[in-house]
1. Tilt of helix 394-407 relative to the longest C-alpha principal axis of the chain, in degrees (0 to 90, nearest 10)?
2. With each pseudo-label sitting 7 Å past Cα toward Cβ, what's the Ser285-Asn111 distance in nm, one decimal?
3. For Gly362, enumerate residues with amide H under 5 Å from its amide H, sequence gap 5+ or separate chain, H modeled in the peptide plane.
4. Note down the accessible area of Glu76, probe 1.4 Å, to the nearest 10 Å².
5. Hey, with R₀ at 25 Å, roughly what FRET efficiency would Tyr79 and Arg448 work out to, going by the Cβ-Cβ distance, to 0.05?
6. Expressed in nm to one decimal, what extension gain is obtained for the pair Phe153 and Arg317 from 0.36 nm per residue of sequence separation less their Cα-Cα distance?
7. Kindly state, to the nearest 0.05, the FRET efficiency for Glu433 paired with Thr138, given R0 = 45 Å and r defined as their beta-carbon distance.
8. Please calculate how many Å² of accessible area the chain carries per residue, with a 1.4 Å probe and no DNA, RNA or ligand atoms counted.
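The values are calculated or read from the model by the stated rules, or taken from the named source; none is laboratory data. The shown structure was predicted, so the numbers you read here are calculated from the model rather than taken from an experiment. Positions of Cβ are backbone-derived with ideal geometry, glycine not excepted, and every protein chain shown enters the neighbour counts. Ligands, DNA and RNA are excluded from the accessible area calculation, which covers all protein heavy atoms including side chains. Shrake-Rupley method; radii C 1.70, N 1.55, O 1.52, S 1.80 Å.
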Amino acid sequence: YMLGYDVTGRTLGIIGAGRIGSNFARKAMAGFNMRVIYYGRHNNSELDKLGAKFVSLDELLSESDYISLHVPLTPETKYLIGANELAKMKKTAILINTARGPVINEKELANALANKVIAAAGLDVYENEPIVESELKTLSNVVLMPHVGSATFDTRTNMGLMVAHNVEAVLNGNEPINMVMSPESLKNLLPSRPENIHKGDRGRLLIAGGSAKYPGAPALSALGALRSGVGLVTLLSLEKVCECCAARLPEVIYCYEDDRFRWQELVFAQKNINALVVGPGLDRSVAAEIFTARMWRDWPEKILVDGDGLSALAVVREKISPRSDSVITPHEGEAARLLNITPKQVQKNRLESLQKLTQKFGCVVLKGHPTLIASGEDFAEVQHGGPELAVPGSGDVLSGCIGAFLAAGLDAFNAAVLGANIHAMAGDYLAREGVDGVLASEIADTLRRVINDLRRS
């Protein structure tokens, strides 16, 4: 009656490998030498490095001795575990739920436990809290806890302090420190769309980039901006690049000049531009460095720098000052050049690197898994997206998406948060069919679906 199974050497299946699931996996592997397999929207490269294995849900259910749930409650995860899934588990399996109650169909779980379909379950959350399924309370092979996963003096004290600091921030006229980017909060950031709106009211964006080597990059940025709802996009590039892009995007206004040293005067000659994106496909040259540095110093409206524009900023970093109306979007390699350190140092200390970049430049979107965003004391972490976004041109689409929201009137931080989340959520949509073979243009085309789904939510 009081006998159980050792956990050492057993297989632990984790459903949902976010921060909590990942931390649990690390402790299980390091402390109990457990074999860890996991399932989620996408694989977790950090867990993979530790020896965990990304598997399908069916494989996880059939191979695991212990199954632990760590997913949020969404329409996709409600009743994720029901009679069909329970039947696929080992008869000796133990199911643990510390996530959200409705992830499990409690009636079907109670029936499975009563009929020894699985060995046991441990629950800290319930489908209809505080009510617990009556049959569960009569079973001897289930442990029921009253949602007390955070019940330590230290944790509860820190939770209280976190609430107090957030209240203090709001009372002082600032945004909450620990703001959650829920679909509702993202929806609230979207620009309004009145019935009598004019295309100019949606914002005017200028994109400067492109080269003989990378003619498609500015087109992807422009496509990302258009799919994000911007009103007008003007592309400044080489003549051949403009010809190439025009065949794909007739909706864009084109301004071409093969002498990059003249780009500066052409940019300042543009009228009523609300935001500027510099860098997609720009390639590296002295002319590109001079142009980017001048735009950073003298462009009077909002500015986003990406791609080879970041390489140009790295060269002149000691000669420029931070801008409150700017966004830079480096990956870890570009961040390393901007900070004059190695990519491994950035990867090891992402938060510290983010802070230093913010102090030097302004609002920063540090791309990776997860993508981190900071501006001054504001911070956000993108909980969407995965390896399906790691494709050529994905960053160009992101720069156009954020640029669209800058042009629409959002400040740098909110434009970055909204754009980065929508871009990542587009990845989630596409990953439903697999993480391989995704094209950057498909990510751009999916932005519209994400935005309109948010508006309808």
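1. Compared with the principal axis, the helix lies near 70 degrees.
2. 7.0 nm
3. Placed amide hydrogens put Arg323 under 5 Å from Gly362.
4. 120 Å²
5. 0.25
6. Once the chain is fully extended between Phe153 and Arg317, it gains 54.4 nm.
7. E between Glu433 and Thr138, to the nearest 0.05, is 0.55.
8. Per residue, the chain has an accessible area of 49 Å².
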